[in-house]
Amino acid sequence: MRIDFHFNVEDRLQYACRVVRKARAADKSVLAYAHEPARLARFDAALWIFSALDFVPHVYVDSPLAARTPVLLTLDAALTAPARDVFLNLDDEVPPGFNELLSRFERIIEVVSREDADRQKARERFRCYRAAGIEPNKFEMGGATTGE
């Protein structure tokens, strides 16, 4: 299990779109989670328009096409959603039941903007993962370091 925090991004949802595109280029499947319907809807819209040259096939987890689609969007805590290679947390909190996620996903990715409130919430998630015995990787825009 690997947990990656991408800090200091200008636009959280746009960056998350690039993360998904990169995962798909590596032939990885993705489950994107947020508990707020409006945030997930904005991410859904962003996936359609973030790049004129790329198409990222995606649907909500309850779609009839979900079994054949590599990127799923969910408002559920992901415990009932099908396992994927990558869990993309678009929420401000640690996903509910995240201990169960550890066995269902190869990787959890957290995207953090430059906003102070977002960074503070990310620090709380970072500490929670660390307390669970996982040392998250920390990537700053333009370079990578580990730890906090």
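Just so it is clear, none of the values below were taken in a lab; they were calculated from the coordinates. Quick caveat, the model's predicted, so the values are computed rather than measured.
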Given the Cα-Cα distance of ALA83 and ARG119 and 0.36 nm per residue of separation, how much length would full extension add, in nm? 10.2 nm
Which lysines, if any, have their Cα less than 24 Å from the Cα of LYS121, not counting same-chain residues under 8 positions apart? LYS138
